[in-house]
């Protein structure tokens, strides 16, 4: 073998050592990041060195080199996982809100159903002894307790809706922060890869930031001509464009009782628009859905019920007569509850008329003035209101039972959605892990294979060195 050929062997061995050392480093990097969220397994890809033409031999190879460090993920799977994350987070967020709303219907301390039953039962008890001041006071107390329960239930629903403002503000801030992170990573990745470098780890970090945004609001992504990740909300508003990012914030919405709306401001700060209605998925969508649909419907139903009871009870009470006060003739045309201007806000405002509360003798148990105090016919009519159709072709108790059922149905559907979306997300996660995740066993097997190749390359260099020494000895 010529001296020149021996040096070629040394060069081949050296190139091979460098390539396999890089491959070993890549395996080690995988193992070190096996538990890191969003990490994508990397693999060193080999390619032959440029061959040369050797006199008398022809084309002769020059060994191997590492062509690139490849990320093993698939963009389609990542996008599917982003979508699953949005759907799962929406269902979870909606369920958390609805579980708190359901407590309003099931907690005994503000159980509206018991309050209604006890109130009308008190009228029926009064009919047994319509002249009893004690029994009359019991009716007033039951009316005040029913009103208190409705007041409390309405206040709790309003509180739940208001509490969501703080949650939404935090979510909007997180979206803004993650959008800024992606814009910064776009710039760094572009700078590295434009010079022929590898930005695999930065791409993973960008993927994690994108996944966090997807958990909050549903997004769509694509790459521009410079390789920057473009992030758009499904409402069509761009969160990240190249190296610039937009912002989300919350502002009181005068058209929704002053509750927080989501406001988008573009990267230039020139365009501001309320996009609340366009957010239907992600954790933000879940909160908005529960707050503006389920909770709003619950509060509206409670208001309608309170107003219907006030109207029916007052109408019947005004037709009856109370007891004689100071020797005067028994009076009628008195309201049991304070007059409500309309259904809106009725549950919060429902209260027993103060004048009636102050003097139980004003309670109209009699049907006629002449029949007082022993006449109980109006008390019976007032008690019978519980079974009358007063709202949506239902009695008061049946209407409330239907409201409870509707909330329970919403909770059930949210639980079902969460179970289904979580299962789908888990399935997609497993697909991703099979493609892009780090398997310790697989990496160890790869390490053994590369180590064997490294040792073989070292053997080539050792053998070539021995041959070179032999040639040099001949020359002497």
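The values are calculated or read from the model by the stated rules, or taken from the named source; none is laboratory data. Keep in mind the model is a prediction, meaning the values are calculated, not measured. Backbone-built Cβ (ideal geometry, glycine too); neighbour counts: all protein chains shown.
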message: Would you confirm, using the coordinates I've provided, whether residue 165 is more than 23 Å from residue 251 (Cα to Cα) and under 24 Å from the mean Cα position of the chain (by Cα)?
response: no
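Every residue, every condition in (1) in contact (Cβ under 8 Å) with a residue 24 or more places away in the chain; (2) farther than 17 Å from residue 13 by Cα; (3) not in a helix (DSSP H, G or I), yes or no:
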{"residue": "435", "(1), (2), (3)": "yes, yes, no"}
{"residue": "450", "(1), (2), (3)": "yes, no, no"}
{"residue": "454", "(1), (2), (3)": "yes, no, no"}
{"residue": "460", "(1), (2), (3)": "yes, no, no"}
{"residue": "466", "(1), (2), (3)": "no, no, no"}
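Suppose the filter is assigned to a helix (DSSP H, G or I) and without any contact (Cβ under 8 Å) to a residue 12 or more places away in the chain; does residue 417 pass it? Before the answer, list the steps.
Numbers: assigned to a helix (DSSP H, G or I): yes; without any contact (Cβ under 8 Å) to a residue 12 or more places away in the chain: no.
For residue 417, the condition - assigned to a helix (DSSP H, G or I) and without any contact (Cβ under 8 Å) to a residue 12 or more places away in the chain - is not met.
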- prompt: Considering only residues of the range 260-293 that are in contact with a helix residue (DSSP H, G or I) (Cβ under 6 Å, 6 or more places away or on another chain) and over 22 Å from residue 422 (Cα atoms), which is surrounded by the fewest Cβ atoms within 10 Å (Cβ to Cβ)?
  reply: 261
- request: With respect to residue 301, determine if the residue is in a loop (DSSP other than H, G, I, E, B) and either surrounded by fewer than 17 Cβ atoms within 10 Å (Cβ to Cβ) or assigned by TED's automatic domain parsing to the domain that holds residue 402 (or both).
  value: no
field: Residue ID - nearest to the chain's Cα centre (by Cα), chosen from residues in the range 361-384 that are in a helix (DSSP H, G or I) and surrounded by fewer than 20 Cβ atoms within 10 Å (Cβ to Cβ)
entry: 384
query: Among (1) at negative phi; (2) surrounded by fewer than 19 Cβ atoms within 10 Å (Cβ to Cβ), which single condition is residue 172 missing?
result: (2)
- line: Screening 283, 277 for residues that are modelled with pLDDT under 95 and not in a strand (DSSP E or B) leaves only 277
message: So residue 220 passes all but one of these: (1) touching a residue at least 40 places away in the same chain (Cβ under 8 Å); (2) in contact with a strand residue (DSSP E or B) (Cβ under 7 Å, 6 or more places away or on another chain). Which condition number does it fail?
response: (1)
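Condition check ((1) outside the structural domain of residue 150 (by TED's automatic domain parsing); (2) within 19 Å of the chain's Cα centre (by Cα)) across all residues:
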position	(1), (2)
393	no, no
417	yes, yes
446	yes, no
452	yes, no
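Please go through the range 314-328 and give me each residue that is surrounded by fewer than 22 Cβ atoms within 10 Å (Cβ to Cβ) and closer than 23 Å to residue 346 by Cα, ordered by number.
Within the range 314-328, 314, 315, 316, 318, 319 qualify.
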message: Looking at 403, 427, can you tell me which residue is at pLDDT 90 or above, in a helix (DSSP H, G or I), surrounded by 17 or more Cβ atoms within 10 Å (Cβ to Cβ) and out of contact with any strand residue (DSSP E or B) (no Cβ under 7 Å at 6 or more places or on another chain)?
response: 403
statement: Per the list (1) crowded, with 18+ Cβ neighbours inside 10 Å; (2) under 31 Å from the mean Cα position of the chain (by Cα); (3) in the same structural domain as residue 337 (by TED's automatic domain parsing), residue check on residue 119 breaks on (2)
message: Can you find, within the range 55-95, the residue that is surrounded by the fewest Cβ atoms within 10 Å (Cβ to Cβ) among those that are within 24 Å of the chain's Cα centre (by Cα) and without any contact (Cβ under 8 Å) to a residue 12 or more places away in the chain?
response: 76
